[in-house]
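Shown next, in structure tokens, is the structure this report addresses.
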């Protein structure tokens, strides 16, 4: 009798554990962004350094990924202006993510402003801001970046697009 009880208990435990594993797999397949991290390749890092840029970005997989150059000292905050064509692009500020803390303003005309406070332990090989959007990749770009330094002065940062479609002058 005792053997039968333990056998049933073991079978029920296996079935319940299997159900939890199945639910976990279902969740991951329906939410692949849960494990998403945007990372710079060695070639992209070298490209940023060679072009003497402070900030680089790329638009891929319906995200705008913004990266800091290794040479840029971590500031108190950075204000990013993302420009987009409101007729062909829809941004999703509710799912804005990245390192440190960030706030955003509601889009005004064709501009969207993100205020980022990177924190002290920024991994510069990963994106500091990840902004989801839908629409045409060529119709969204990082148009401005202003850093607030430790002495509370502001400085414009040089920007470079890692996409082949757009580029910025210094």
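The values are calculated or read from the model by the stated rules, or taken from the named source; none is laboratory data. Just so it is clear, the model here is predicted, and its values are computed rather than measured. With ideal geometry, Cβ positions are generated from the backbone for all residues, glycine too; neighbour counts draw on all protein chains shown.
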(request) Out of 122, 108, 89, report the one residue that is farther than 11 Å from residue 57 by Cα and out of contact with any strand residue (DSSP E or B) (no Cβ under 8 Å at 6 or more places or on another chain). (result) 108
(request) Give the residues of region 149-170 that are closer than 25 Å to residue 91 by Cα and modelled with pLDDT of 90 or more, sorted by residue number. (result) 156, 157, 158, 159
(message) If a residue counts only when it is touching a helix residue (DSSP H, G or I) at 6+ places or on another chain (Cβ under 8 Å) and surrounded by 19 or more Cβ atoms within 10 Å (Cβ to Cβ), which strands (runs of 3 or more DSSP E) contained entirely in region 59-170 have at least 1 such residues?
(response) 63-68, 77-84, 89-91, 111-117, 129-135, 159-161
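Here's the yes/no breakdown for (1) modelled with pLDDT under 80; (2) in the same structural domain as residue 133 (by TED's automatic domain parsing); (3) under 19 Å from the mean Cα position of the chain (by Cα):
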{"site": "11", "(1), (2), (3)": "yes, no, no"}
{"site": "18", "(1), (2), (3)": "yes, no, no"}
{"site": "28", "(1), (2), (3)": "yes, no, yes"}
{"site": "79", "(1), (2), (3)": "no, yes, yes"}
{"site": "85", "(1), (2), (3)": "no, yes, no"}
{"site": "120", "(1), (2), (3)": "no, yes, yes"}
(request) Of the conditions (1) within 23 Å of the chain's Cα centre (by Cα); (2) surrounded by 10 or more Cβ atoms within 10 Å (Cβ to Cβ); (3) at pLDDT 65 or above, residue 43 clears all except one; give me its number. (result) (2)
